[in-house]
1. Sort out which residues of region B:386-404 are within 14 Å of chain A (Cβ to nearest Cβ) and either within 20 Å of B:Ser329 (Cβ to Cβ) or among the acidic types (Asp, Glu) (or both), and write them in order of number.
2. Take region B:71-95 and flag every residue that is more than 9 Å from chain A (Cβ to nearest Cβ), assigned to a loop (DSSP other than H, G, I, E, B) and surrounded by fewer than 22 Cβ atoms within 10 Å (Cβ to Cβ).
3. Return the only residue of B:Asn295, B:Asn250, B:Asn263, B:Asn284 being free of Cβ contacts under 8 Å to residues at least 12 places away in the same chain and either more than 24 Å from B:Leu348 (Cβ to Cβ) or open to solvent by less than 40 Å² (accessible area, probe 1.4 Å) (or both).
4. Inspect region A:4-15 for any residue being at pLDDT below 95, within 31 Å of the chain's Cα centre (by Cα) and open to solvent by less than 60 Å² (accessible area, probe 1.4 Å) and give the result as yes or no.
5. Out of the residues in region B:358-374 meeting the condition of being within 11 Å of chain A (Cβ to nearest Cβ) and in contact with a Ser or Thr (Cβ under 9 Å, 6 or more places away or on another chain), tell me which one is most open to solvent (accessible area, probe 1.4 Å).
6. Restricting to region A:433-450, and then to whatever is more than 17 Å from the chain's Cα centre (by Cα) and part of a helix (DSSP H, G or I), can you tell me which residue is surrounded by the most Cβ atoms within 10 Å (Cβ to Cβ)?
7. So in region B:345-356, with the set limited to residues that are surrounded by fewer than 24 Cβ atoms within 10 Å (Cβ to Cβ) and within 14 Å of another protein chain (Cβ to nearest Cβ), which one is modelled with the highest pLDDT?
Amino acid sequence: MPEKKIENNQEKIKSSRYNVYYKVKGKEKHALFNTLTRAILSIDIELKEVLEKGDVNTLEPGIKESLLQMGAVVPSHLDEKQIYEFRHNMTKYTAEDSSFVIFPTYDCNLRCPYCYEGTEKLSTFMDSVTVQNTIDFIKRTTVENGSKVVILGLYGGEPLLYPEICYQIASAVKEWAHSNNIVYYGTLTTNGTLLNEETAQLVLPYIASVHITLDGPEDIHNTMRVYRSGKGSYNDVMRAVEVVKDMPKHLTLRIHVNVEDETYKGLQVLDDLEQRGLKGRENLHIYFKQLEPPDACLSLSLDKEYIKKKEKGLNKFPEVWKKAQEMGWGPHMSVEAGSEHGMLTFNIIPCDHLKRGRYSVDPFGDVYLCPMSAGRKHHSIGTLQKGGGLILAPSYYTLLTRSPAHLEGCSECQYLPICSGGCPISIWEETHNYLGSYCGFLKQLKITAIKSHLRHQYPEKFSEVI
Amino acid sequence: MKLTQYLFIIPTNHQGKYALYNSFSNTIAIIDEELKAILESEDFSALPQEHITSLKQLEVIREDDADELKMLEYKKKSLRFASDKTEFFVIPTYKCNLKCPGCPPRENTMNEDVVKNTIEAIKRETREKKSNYLWLYILGGEPLLEPEITYKISKELSEWAKDENIMFYNTIITNGTLFTDTIIDQFFQCITSVQVSLEGPAEYHNKKRVYKNKNDEKGRGTFEDIVNSVLLLKKNNIHAIINVPVTRENCHCVPEFVEYLKNKGITEGGAIHIRLFLSKGVSNGVCAPYSPLCNEGDADAPLLMDVWEKVWKKGFRATAKPTQTPYCSGIKDSVYAVDPEGNVYKCLSMVGNPDERVAVLKDGVISAKTPLFYELLSRDATRIEKCNQCKYLPLCAGGCPTAAKTQHHTYHAPDCGQRKTLFDKRIELFLRFKHPTHFGVDEGVKTPNV
């Protein structure tokens, strides 16, 4: 809900700088979307003209009050950019929790054709010194940040290639957190093939949430998520799902769906999951994504084909979610159909990894803000020292103090509150400058996301929005 | 490599020896003439590696690509937006049993709804921020004129914090005239600290802080009652701070007064501290001490410097090491002041002026944030031209936003005034305390409690 702004509607008002308008085909109506408050209104042409060019103080009191509530008009002395900046800074500089994504290795026992991991670093895994430095780093950084919660994410590569390392880090951090009155939350992101009773017994006592990816039903999955030999991994992944099924843990399944396929065959995997007794399981969460490299946001942000596919996905995914809901999986989906696509972000920073209290540690002890950039050494914010110290590189301060409200090209943009200047790391990939203002296809994708949201969430009003 | 822009090189009493003070890292080192010359030349090629390592650790030298302004911005904003501590200043009543010059008589007291809303809002903010600490300050008016409200707020939040595993610190800022054994028994479990005010020696104080209500006491000075309260607090081992405002009128007698408190044994044992601060008086009925950051830009600030020096000579460490002041409450998130009507402010000097409120309490929520809230929170001294190249910036953070507005008609301006001079004095006194052999004779400095 938009924040209530002022009580007295007698004071002078002005139109919000963050109103954007989209025409509705065949109707004398427009959709108004406010990128700061996320308020949505259906307005006629006359009102649109007043909001864009006229004097909003001449509007009827009732209309003024409603528009004030939605943030479509604001007190004339309010600088909305300061609201954006406040929320942006509050989100970015607060370290209520400290989160550590750990790469015990970049190696993986699968050879998925779309995966970003190169081969040159595959044989490396964390040595014992780096493991200890990582544990020390997590402890001292959580304390320095004043965080009440520590989140440990085991990631890779495939972390269960080295279950002992996972165990050492997770058990040490959990034990330390408990004895220091800090809430511990452990997650494991795995391809599932190595999650058997033995590894589960070793690692899962320290894990609250397991995340596994499925590329669809068996026949599709087995063409994509394959072992080095080319053999499909579906049965092994499902075995992992069943291992976790009866444990009191959160289980999140990421299901890849090809939106080019109008029948959404990828959803058939839900039938198998139902037969295996997953439907109705407490704390089972599912979500759908297009098949794409995990680091697509960095490596493909300027690839026209990728952007085309992405736009198609933004338009089609609400249908996928709706279909899954119709199949009875609604309670397991983290968001409602129509409001799910990640591009319509409700976050006020470009990415949840680009904030204080976020760290990714790779097998070499190099630390990154964003796990997707791990391995690209030029984005490293430092290397762990003995005792867990980290001397932060200048790039860390550049990334963290980047203020989109002051960036030329961004500061006056109506889409600033939902894009926050885009990802500085992907901008660096294009411009070699974290502080560049570089839209690329970002604005286009944001607009597509908003329109898709409008169409699917409010079909009676906005099915024909253009 | 390059030299930090936040370096002070200060001569000592010993020829050829200098103190390095770094306002960014708040570190000190003693160096010789040779190293001084190397640092000033910024040619570090002659330095052995271990010296370079040490100087890097002290943040005296940095890599060429280090952007210290960005580092400072990050550091300050991390403090401003840190959520580990939530602070509330609560004014249950404006009523007061004293009549001090300049302080306007006000009578409003929180009604039940506002009390409930205040408690709920504090819990909510602390919980939502996931804070580890809740710092509560209850002040007035005179909060002990409404002991039931003050007790209810203290007790309920104390118990709640305990259940939520949150560290709770509760300070009652009072004129100190109403403490009794009964009050202390009642509050003992839910207060951490008490602050009282003494304006100076009895003769001076009793002209300023006088009773107003009871006929038989009207106009009577409060010095003796306050000192007795302090002794009562001491007896009960309750931590207390005696706030001594320094003004043009009393600056001449403050040093003797501090000595008097020492001689009376009040400062013995460490439970009672004395706090000197520059005061411009109370003009909005909110009886609270100013933080050091508030008025040190004022033209009268050198008075304070003079008092520090005199108090120092009497054997007291009159000022602390210059700390890297977090931004003041006005521009720090997670700090609010609530008045008896449920108006919410960011700074105690703004309390009472509805035009300067930043929100109101409604249904236990800090609601209807005003443009001023966002205006204050967007103040960033690293973007203020006059400030961002200044080596004092880590210490003053641009000074007081309200004073800046008064001087420049905008909050986004510096409040400089006398601050640099005062910081120089702070640094000097700290060096004298820390390194007496290099900075003069300070044998008397044994009790760092002022």
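1. Our first condition is that a residue be within 14 Å of chain A (Cβ to nearest Cβ); within region B:386-404, this holds for B:388, B:401.
Residue satisfying the conditions is B:Pro401 alone.
2. Answer for region B:71-95, where residues must be more than 9 Å from chain A (Cβ to nearest Cβ), assigned to a loop (DSSP other than H, G, I, E, B) and surrounded by fewer than 22 Cβ atoms within 10 Å (Cβ to Cβ): just B:Lys95.
3. Working: B:Asn295 fails: free of Cβ contacts under 8 Å to residues at least 12 places away in the same chain; B:Asn250 fails: free of Cβ contacts under 8 Å to residues at least 12 places away in the same chain; B:Asn284 fails: free of Cβ contacts under 8 Å to residues at least 12 places away in the same chain.
None of the other options fit; the residue is B:Asn263.
4. Checked against the condition, which is being at pLDDT below 95, within 31 Å of the chain's Cα centre (by Cα) and open to solvent by less than 60 Å² (accessible area, probe 1.4 Å), region A:4-15 yields at least one hit.
5. B:Val360
6. Narrowing region A:433-450 to residues more than 17 Å from the chain's Cα centre (by Cα): A:433-441, A:443-444, A:447-448.
Narrowing the set further to residues that are part of a helix (DSSP H, G or I) leaves A:443-444, A:447-448.
Details: A:Lys443: 15, A:Gln444: 13, A:Ile447: 17, A:Thr448: 21.
So the residue we want is A:Thr448.
7. Residue satisfying both the conditions and the ranking: B:Glu356.
Yes/no matrix, rows are residues, columns are (1) of a type in the set (S, T, N, Q); (2) in a loop (DSSP other than H, G, I, E, B); (3) over 18 Å from the mean Cα position of the chain (by Cα):
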position: B:Tyr260; (1), (2), (3): no, no, yes
position: B:Ile266; (1), (2), (3): no, yes, yes
position: B:His273; (1), (2), (3): no, no, no
position: B:Leu276; (1), (2), (3): no, no, no
position: B:Cys294; (1), (2), (3): no, no, no
position: B:Met305; (1), (2), (3): no, no, no
position: B:Trp312; (1), (2), (3): no, no, yes
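The values are calculated or read from the model by the stated rules, or taken from the named source; none is laboratory data. This is a predicted model, so every value here is computed, not measured. Please note: Cβ atoms are built from the backbone with ideal geometry, for glycine as well, and neighbour counts cover all protein chains shown. We work out accessible area using only protein heavy atoms, side chains counted, and drop any ligands, DNA or RNA first. Shrake-Rupley method; radii C 1.70, N 1.55, O 1.52, S 1.80 Å.
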